[in-house]
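Below you'll find the structure, written out as structure tokens, and then a few comments.
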Amino acid sequence: MSPSPAPPERSVPAPFPQDDTIAAVATAIAPGEGSVAIVRLSGPDAEPIASRLFVAPGQQSWDSHRVLYGHVCDPASGERVDEALLLLMRAPRSFTRETVVEFHCHGGLICVQRVLELVLAAGARRALPGEFSQRAFLNGRLDLTRAEAVSELVTARSRRAAQLAMAGLDGGLQQRIAALRERLLDQLAELEARVDFEDDLPPLDGPAVATALAAVQAELHQLLADGERGQLLRDGLQVAIVGRPNVGKSSLLNRLSRSERAIVTDLPGTTRDLVESELVLQGVPLTLLDTAGIRVTDDRVEQLGIARSRAALQAADAVLLLFDITAGWRPEDQQLRELVPESVPLLVVGNKADQLAPGAAPAPQAEVCISALSGHGQEQLEQLLLRRCGHGDVQGLQVALNRRQQDLAAAAARSLQGSLEAAQQQLPWDFWTIDLRAAVRSLGEITGEEVSEAVLDRVFSRFCIGK
Ligand SMILES: Nc1nc2c(ncn2[C@@H]2O[C@H](COP(=O)(O)OP(=O)(O)OP(=O)(O)O)[C@@H](O)[C@H]2O)c(=O)[nH]1
Ligand SMILES: [Mg+2]
């Protein structure tokens, strides 16, 4: 049997108990909103703090994973601050694997803030963003991809994005990455064994090793491509609708967002400012921007609006350039088209198809013809837009890397390229291992098996407070 390579350096501290107790409001806080709000504590003092503040009447016993009914009281004055339920989850059977206590208080702003203040006065520390998840990770309850999936689930803007996050939470991503890393470790073991004990071992089949590495690289490229599509589900797209005045931009925004968000009139120059509308197209969150029709004008207000239209057209992820097919493709339409940067996906849309004379052919510039008034062509427009952005099919996605994971997977694929080049040039085995070890490390950073504390702090600081 070949000796296995030295285990990769593990810079994360081994699971260890945190020595303080953290607390935060775990639910959204808004005045007059939400009937229930949760204050969550985690750490060794969670239970003693809770028992000082919570008065449970009758014979209720403080058992783990049982709900207690009672009042949160200020120990200094005895004042009842809120009527609440208390849920105690003793270590290690909790999200963080520490003892966790949740006070289920009344919602809104006041009660929950007062309960949190009492908890902090009793010795807990205000949790940093993501600190509960960070403890869950450090205590081995979650790998890094699952912890990130929790955050993505909370911030998902569409049902599909939430489904992807759930797949991550179920460990789909962790398993894919861990399996690839294992395959690389197998090859690394063989190679490193040859570096040290070439004479004592049967000869190594170099081309077979290279084939195995190339197969992992191909899977990484597939994951990267899926990740790009998944990014769309997470971040969404900002799509600007631009065009000359009166071509129907505002009507299209209203049609796509099923709202009366923008003012529509038959007067050219109606829209003066950017009008935004959020919607979800086939699982993809979109921010649609209706803009002022672009033309030469002396009107000062309209000029300012047009300047904003031009800026939006430059900054958008995609542009819908609308023109009136009953008026044909005009030189002004062509000028607008030339304003759209090369790098921005552009779709030229002919509007007012309902007014086109029977038998008349629309200008060939129209990639899709619609009627913002009747809805004709809407589905085709939506599909074409998503496809133009390079993400036609997000339905089949099983798992998708986030940006951090995407960068690491790309780094791993590049490192593997280095190993493959060493193979091609038939360099000695230790040249193969240098990049291979780097690839293993990058994949380990995705799941958190090899990751520095500084990186962890950065990852978790993006989470919301109380998570
Ligand atoms: N027949 C027909 N009329 C339309 C259609 N789309 C828009 N209109 C009409 O065209 C006129 C202008 O529509 P808007 O949506 O305000 O046009 P706009 O491009 O936002 O105009 P500005 O804000 O002035 O740049 C209105 O009278 C709409 O009812 C369409 O598909 N068919
Ligand atoms: Mg308008």
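Sort through Leu427, Leu436 and tell me the only one that's assigned by TED's automatic domain parsing to the domain that holds Phe197 and surrounded by fewer than 20 Cβ atoms within 10 Å (Cβ to Cβ).
Details: Leu436 fails: surrounded by fewer than 20 Cβ atoms within 10 Å (Cβ to Cβ).
Result: Leu427 is the single residue among Leu427, Leu436 that is assigned by TED's automatic domain parsing to the domain that holds Phe197 and surrounded by fewer than 20 Cβ atoms within 10 Å (Cβ to Cβ).
Would you confirm, using the coordinates I've provided, whether Asp235 is under 27 Å from Leu288 (Cβ atoms) and out of contact with any Lys or Arg (no Cβ under 9 Å at 6 or more places or on another chain)? Even if it seems obvious, please write down each step before you answer.
Details: under 27 Å from Leu288 (Cβ atoms): yes; out of contact with any Lys or Arg (no Cβ under 9 Å at 6 or more places or on another chain): no.
When the stated conditions are applied, Asp235 does not pass them.
Quick one: in segment 271-287, which of the residues that are more than 14 Å from Arg234 (Cα to Cα) and of a type outside the set (D, E, K, R) is surrounded by the fewest Cβ atoms within 10 Å (Cβ to Cβ)?
Leu274
At pLDDT 95 or above, closer than 30 Å to Glu449 by Cβ and surrounded by fewer than 20 Cβ atoms within 10 Å (Cβ to Cβ): does that describe Arg125? Spell out the reasoning first.
Values: at pLDDT 95 or above: yes; closer than 30 Å to Glu449 by Cβ: yes; surrounded by fewer than 20 Cβ atoms within 10 Å (Cβ to Cβ): yes.
Considered against the rule, which asks whether it is at pLDDT 95 or above, closer than 30 Å to Glu449 by Cβ and surrounded by fewer than 20 Cβ atoms within 10 Å (Cβ to Cβ), Arg125 comes out as yes.
Is it the case that Gly328 is in the same structural domain as His376 (by TED's automatic domain parsing), on the phi > 0 side of the Ramachandran plot and surrounded by 16 or more Cβ atoms within 10 Å (Cβ to Cβ)?
The answer is no for Gly328.
Determine if segment 156-174 includes at least one residue that is within 15 Å of Arg462 (Cα to Cα), touching a Leu at 6+ places or on another chain (Cβ under 9 Å) and not assigned by TED's automatic domain parsing to the domain that holds Ile38.
Just the residues of segment 156-174 that are within 15 Å of Arg462 (Cα to Cα), to begin with: 156.
Adding the requirement that they be touching a Leu at 6+ places or on another chain (Cβ under 9 Å) leaves 156.
Those still in the list that are not assigned by TED's automatic domain parsing to the domain that holds Ile38 too: 156.
Yes, segment 156-174 has at least one match.
Would you mind stating whether Pro245 is surrounded by 15 or more Cβ atoms within 10 Å (Cβ to Cβ) and near ligand 1 (Cβ under 9 Å from one of its atoms)?
Details: surrounded by 15 or more Cβ atoms within 10 Å (Cβ to Cβ): yes; near ligand 1 (Cβ under 9 Å from one of its atoms): yes.
In short, yes.
Just one of the numbered conditions (1) part of a strand (DSSP E or B); (2) more than 10 Å from ligand 1 (Cβ to nearest atom); (3) over 30 Å from Gly172 (Cβ atoms) is not true of Ala307; which one?
Against the list (1) part of a strand (DSSP E or B); (2) more than 10 Å from ligand 1 (Cβ to nearest atom); (3) over 30 Å from Gly172 (Cβ atoms), Ala307 comes up short only on (1).
Between Gln217, Gln231, Gln175, which is under 29 Å from the mean Cα position of the chain (by Cα) and under 30 Å from Gly375 (Cα atoms)?
Working: Gln217 fails: under 30 Å from Gly375 (Cα atoms); Gln175 fails: under 30 Å from Gly375 (Cα atoms).
Selected residue: Gln231, the only one of Gln217, Gln231, Gln175 that is under 29 Å from the mean Cα position of the chain (by Cα) and under 30 Å from Gly375 (Cα atoms).
Could you check segment 305-319 and list, in sequence order, the residues that are surrounded by 13 or more Cβ atoms within 10 Å (Cβ to Cβ) and closer than 15 Å to Gly269 by Cβ?
Gly305, Ile306, Arg308, Ser309
Would you be able to say whether some residue in segment 383-391 is buried (at least 16 other Cβ atoms within 10 Å of the Cβ), away from ligand 1 (no atom under 15 Å from the Cβ), modelled with pLDDT under 85 and outside any strand (DSSP E or B)?
Among the residues of segment 383-391, at least one is buried (at least 16 other Cβ atoms within 10 Å of the Cβ), away from ligand 1 (no atom under 15 Å from the Cβ), modelled with pLDDT under 85 and outside any strand (DSSP E or B), which makes the answer yes.
If I filter segment 130-149 for residues that are surrounded by fewer than 18 Cβ atoms within 10 Å (Cβ to Cβ) and either at pLDDT below 95 or in the same structural domain as Ser461 (by TED's automatic domain parsing) (or both), do I get at least one hit? Before you say what the answer is, go through the steps one by one.
Pass one, segment 130-149, residues surrounded by fewer than 18 Cβ atoms within 10 Å (Cβ to Cβ): 140.
Next cut, either at pLDDT below 95 or in the same structural domain as Ser461 (by TED's automatic domain parsing) (or both) only: 140.
Yes.
Could you give every pair whose Cβ atoms fall below 6 Å, whose first residue belongs to segment 288-301 and is in contact (Cβ under 8 Å) with a residue 12 or more places away in the chain, and whose second residue is basic (Lys, Arg) and crowded, with 24+ Cβ neighbours inside 10 Å, counting only separations of at least 6 or pairs across chains?
Matching pairs, first to second residue: Asp290/Lys249.
Restricting the search to segment 32-50, which residues are over 34 Å from the mean Cα position of the chain (by Cα) and loosely packed, with under 15 Cβ neighbours inside 10 Å?
Within segment 32-50, just Pro48 meets the criteria.
The values are calculated or read from the model by the stated rules, or taken from the named source; none is laboratory data. Bear in mind that the values here come from a model prediction, so they are computed numbers and not experimental data. Note that each Cβ is placed from the backbone with ideal geometry, even for glycine, and that neighbours are counted across all protein chains shown.
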